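Below is one structure; the comments refer to it alone.
The values are calculated or read from the model by the stated rules, or taken from the named source; none is laboratory data. Predicted model only: the values in this text are computed from it and were never measured. Because the Cβ atoms are built from the backbone with ideal geometry, glycine has one as well, and the counts that use them run over all protein chains shown. For accessibility, only protein heavy atoms count, side chains too; no ligands or nucleic acids. Shrake-Rupley method; radii C 1.70, N 1.55, O 1.52, S 1.80 Å.
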Amino acid sequence: MPHLKVSGITKEELKKFSTDLVSIVEKESSTSKKYIKVFYNPIDYIQGNENEIVIIEVYWMPRPQEICDRLALKLTEFFKEKGYSFVQVNYSEFPGNLFYENGIHY
């Protein structure tokens, strides 16, 4: 944990960017990269052209606001450098006692 679901880019682009995204999350959240997962979320923006908006959903256990702010800024900077004009970062937090992996509570 955390998991990133990325929309608004192609699967091929996400594959190219995934190592960089994991590194950003690892650095900004002090989380081991072995726990960070990146998922392609094939949602298309219908009202504009495809290089207008990237949405990143970060699904994780609660973190301090400063970490959320820092990570959102770094993810936004990364995608803006790649030519995307609008980047939205959303956080979904859940208490750790509600996380199970392969039926095992963590």
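For this structure, a couple of remarks:
- The listed residue being open to solvent by 30 Å² or more (accessible area, probe 1.4 Å) and under 10 Å from the mean Cα position of the chain (by Cα), out of K5, K34: K5
- Checking each residue in the stretch 53-105 for being farther than 16 Å from S29 by Cα, open to solvent by 60 Å² or more (accessible area, probe 1.4 Å) and in contact (Cβ under 8 Å) with a residue 40 or more places away in the chain picks out only K82.
- Within the stretch 96-106, being part of a helix (DSSP H, G or I) and polar (S, T, N, Q) holds for one residue alone: N97.
- With respect to (1) in contact with a Phe, Trp or Tyr (Cβ under 8 Å, 6 or more places away or on another chain); (2) more than 16 Å from F17 (Cα to Cα), the lone exception for K82 is condition (2).
- The single condition among (1) in contact (Cβ under 8 Å) with a residue 12 or more places away in the chain; (2) among the aliphatic types (A, V, I, L, M); (3) not in a loop (DSSP other than H, G, I, E, B) that M1 does not meet is (3).
- E26 vs. criteria buried (at least 16 other Cβ atoms within 10 Å of the Cβ), among the acidic types (D, E) and in contact with a Ser or Thr (Cβ under 9 Å, 6 or more places away or on another chain): yes
- Boolean, Q65 is polar (S, T, N, Q) and at pLDDT 85 or above: yes
- Filtering Y91, Y40 for residues that are under 19 Å from P2 (Cα atoms) and in contact with a Cys (Cβ under 8 Å, 6 or more places away or on another chain) leaves a single hit, Y91.
- S85, sole failed condition from (1) of a type in the set (G, A, S); (2) closer than 17 Å to V6 by Cα; (3) in contact with a helix residue (DSSP H, G or I) (Cβ under 7 Å, 6 or more places away or on another chain): (3)
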